[in-house]
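Peer 1: This is the structure, below, for whatever I ask next.
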Amino acid sequence: MKKKQILLINDLAGYGKVATAAMLPILSYMGHPVYNLPTALVSNTLDYGKFNILDTTDYIQGVFPVWKELGFSFDAIATGFIASVKQSKIIAAYCREQAQNGTTIFVDPIMGDEGKLYNGVTMEAVCSMREMISVADLIFPNYTEACYLTENPYRKEGISQQEACSLLDQLRQIGTRSALITSLLVDGQHAVVGYNHVDNEYFMLPYEEIPVHFPGTGDMFSAILIGHLLSGQPLKHSTREAMDALSRLIEHNKDNEDKNRGIPVENWLSLL
């Protein structure tokens, strides 16, 4: 099968394996030609408490016309962190244009976790993220992000499987064709839930949580998931493969001294 060309639209950290720095080596290892468009340049992972960030909206605005003139196109686009509402509108318009030409759009609506938005993320940004979702083939928010996108209360104690399916339906009503929700407690069990529009299937995949925190694990999950999907694997199978591979990556690195820099994924690509 011909390998699919994918464009990553995400931030780029100078120090730490998150976002583009985490996704690019994984997708390349899985055999897909990878291109990138940084939404922001970040000095280091935010877990260190101090960082410097450069919003690249003006740069992006200049890139798309050049690419259009040169006739560049991609089989898939994966979006992650978006630095501003203005940037979101520009990227959503580009994705919508590319989707009309057959490009598959993956959206990771990175906005928050553990029941709250990240510093600097506003409700206006949440609204603009809904526009990104409206052009997506597949989105994979965590439970916090799913709640903000659908205006549902975040429940720390978790939700039922029926409520999880309802949450997926509400995400689909925004416009995405298929959806996953990660980092979710369903009937007392940690799980990823999903809906696949191809076969109209809802599914729930349980997992055992490893009590350690690394930045960038969500990006690694996204990359492994997308890599399998681009190779023609179905959504449920690709999701399970991504969950299991991520679990192996965390297990092999859980004793790392400086977890703030993320998992040095290049050292562990054979685990994929």
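Taken together, the values in this text are just the output of simple stated rules run on the coordinates, not laboratory data. Quick caveat, the model's predicted, so the values are computed rather than measured. Methodologically, a virtual Cβ is constructed for each residue, glycine included, from the backbone with ideal geometry; neighbour enumeration extends over all protein chains shown.
Peer 1: Within the stretch 107-153, report the chymotrypsin sites (Phe, Trp or Tyr not before Pro) that DSSP leaves as loop and that have at most 16 other Cβ atoms within 10 Å.
Peer 2: 118
Peer 1: Next question. Run down the aspartates and glutamates and flag those whose C-alpha is under 16 Å from the C-alpha of residue 3, throwing out any fewer than 8 positions away in its chain.
Peer 2: 75
Peer 1: Just order 213-224, 78-89, 184-195, 257-268 by mean Cβ neighbour count inside 10 Å, highest at the front, would you?
Peer 2: Final packing ranking: 213-224, 78-89, 184-195, 257-268.
Peer 1: Sticking with this structure for a sec: If you place +1 on the Cβ of every Lys and Arg and -1 on the Cβ of every Asp and Glu, how big does the dipole about the Cα centre of the stretch 1-93 come out, in debye to the nearest 20?
Peer 2: It comes to approximately 240 debye.
Peer 1: Percent relative contact order of the stretch 71-195, based on C-alpha pairs within less than 8 angstrom and at least six residues apart?
Peer 2: 22 percent
Peer 1: Still on this model: To the nearest 20 Debye, how big is the dipole of the chain about its Cα centre, given +1 on the beta carbon of each Lys and Arg and -1 on that of each Asp and Glu?
Peer 2: About 540 debye.
Peer 1: Could you list, in their original order, any pairs among 2/259; 4/254; 4/116; 86/236; 116/236; 68/89 whose Cα atoms are separated by more than 26 Å?
Peer 2: 2/259; 4/254; 4/116; 86/236; 116/236
Peer 1: Which peptide among 91-101, 15-25 comes first, and what is the full order, when sorted by highest mean count of other Cβ atoms within 10 Å?
Peer 2: In decreasing order of mean packing, 91-101, 15-25 become 15-25, 91-101.
Peer 1: Over the stretch 1-140, what is the relative contact order in percent, taking alpha-carbon pairs closer than 8 angstrom and at least six residues apart?
Peer 2: Relative contact order for the stretch 1-140 comes out at 23 percent.
Peer 1: Residue 50: which aspartates and glutamates have alpha carbons under 20 Å from its alpha carbon, excluding same-chain residues fewer than 8 sequence positions away?
Peer 2: Residue 50 reaches 11, 113, 257, 258.
Peer 1: When N is the residue count of the chain, what does its C-alpha Rg come to as a fraction of 2.2 N^0.38 Å?
Peer 2: 0.94
Peer 1: Suppose a student asked you for the relative contact order of the chain, using Cα pairs under 8 Å spaced at least 6 residues apart; what percent would you report?
Peer 2: So the answer I get is 18 percent.
Peer 1: Give the share of C-alpha pairs in each 10 angstrom bin for the stretch 142-207, from 0 to the last occupied bin, in whole percents, shortest bins first.
Peer 2: Calculated P(r), rounded to whole percents: 23, 60, 17, 0.
Peer 1: Filter the chain for me: DSSP H helices, axial length by Cα at least 24 angstrom, mean Kyte-Doolittle hydropathy not below -1.0. List them by residue number.
Peer 2: 235-253
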